[in-house]
Amino acid sequence: MKYRALLAACFALPSFAGAQSFLPPEDRVKAAISAYAEVRAADSAVMEAQAKARALRVGPHETQLQVIPQERRIRNGPTFREWDVIASRGIRLPGKAALDRETGDHAVAAAQMRQGDAEHQAARLLLGEWMGWLQAEAALAQARDRESSLTRERDAVVRRQQLGDASLREVELIGAEVAQAQADTRAREADAAEQRLALRAGFPDIPLPEQPPILPDPGPADVPGEDGMNLIVQRSHEIGAAEEAAKQMEAESRRARADRVADPTVGLRVFNERGGEERGIGVVLTIPIGGALRSAQAQEKAAAADGAYSQLDAVRRDIGRDARIVVERARAAVAQWQAARDARDATVRSTERTRKAYALGEVGMAELLLAERSAGERALAEVLARAQAWEAVLRVRVDGHELWHGE
């Protein structure tokens, strides 16, 4: 079989810049991520948080108007129409308005961080779907190449058998190998179709080229280092969201402590009694007296704030651990691909020697087919390992917000 042609098609220039050629267009990626359902839900959550922040800036108090019409009857005397009108409004005590603004600002920042994390998760999913499709297409191309090569070889053996230069056993052996290669191709076609449908269902705005791009070889510059790990931690939206949520809970805790002294309500009362014979105007001052309820609420908020900071520590720990795992996985995937590439190259050389030995009559058809089957398996393993290596490398860049991110 013509493995040299397959190898030439598989090789390409290394480096991440070259890797951009097999990724979907950047503008279409951003549009697809923005249209993703979870991202749109996070956008709505940001607008909700902004509206709540505006409400906190305005404050919880509104002007209240109380109208009391009444009728006074005096025994054996006249009847008078009377009324009271009271307009009142609560007043936030000094410092509470600032705490409310701080609470709202942190809530908005946390929602924005969650929105960024929703985009990040969508980018992760898109990367997995896209690379899964490329891997399936690359495996399909390798299976088709093997089937085509075996078919040509079978036809040549059949002609030789007709001329008396090959045995019927050789024809049967290679015929069985062709049938197996056809079955492998059909299975790869089904896998590629499934991956294509999954990609289109999840991200219908991403265009799929008629000819899938060829995956290049990862280069030394593509292997992530410590800087990739640090970027993942520094730019983590999950850490940012947890930090903003903790600050929000802390501001709410301070607000609850301040609220142990309740806000007073100041009002203006105008009254008309005895049919207008008595009229007056006065000030109404209402001061709630805080007690055990407000103290308990303040303790509740304080405990919630402590829990939020503990949760922040947990998120930082988990993100740091996951960042190291992602980077180490990428390094291991590249190393595994290099080993698969070396094994493929060695098997190709061995197969070429077996082919020459077969041409000289030193080995039989069974030995040749066994060598070619081994070469095909090694070639497939290299294709799969290359796709997995690229997915692991690009996952580091997506997690570090160097790829497919709005910032």
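Throughout, read-outs are computed from the coordinates displayed, never taken from laboratory work. Just so you know, these numbers come straight off a predicted model, no measurement behind them. Here Cβ is always computed from backbone atoms with ideal geometry, including for glycine, and neighbour counts include all displayed protein chains.
Tabulated results
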item: Fully extended contour minus Cα-Cα distance, from Ala262 to Ala183, at 0.36 nm per residue; result: 20.6 nm
item: Of (i) 0.95; (ii) 1.10; (iii) 1.33, the label for Rg/Rh (Cα atoms, Kirkwood Rh) derived from the coordinates; result: (iii)
item: FRET efficiency, 1/(1 + (r/R0)^6) with R0 51 Å, evaluated for Arg200 and Ala55 via beta carbons; result: 0.75
item: Amide H within-cut-off set for Ala166, under 5 Å, with H built and near neighbours excluded; result: Gln161
item: Per-peptide average of other Cβ atoms within 10 Å, ordering 319-329, 153-163, 282-292 highest first; result: 319-329, 153-163, 282-292
item: Projected area averaged over orientations for the range 273-392, convex hull of C-alpha atoms, nm²; result: 19.1
item: Centre separation in Å (Cα based) which lies between the range 258-280 and the range 342-407; result: 88
item: Potential lengthening between Val67 and Arg316 on full extension [0.36 nm per residue; Cα-Cα distance subtracted]; result: 84.0 nm
item: Dipole moment magnitude, nearest 20 debye, the chain about Cα centre, only Lys, Arg, Asp, Glu C-beta charged; result: 1020
item: Förster radius 51 Å - calculated FRET efficiency between Ala332 and Leu163 (Cβ-Cβ, nearest 0.05); result: 0.45
item: Length added when fully stretched, Ala176-Arg152, from 0.36 nm per residue minus Cα-Cα; result: 7.3 nm
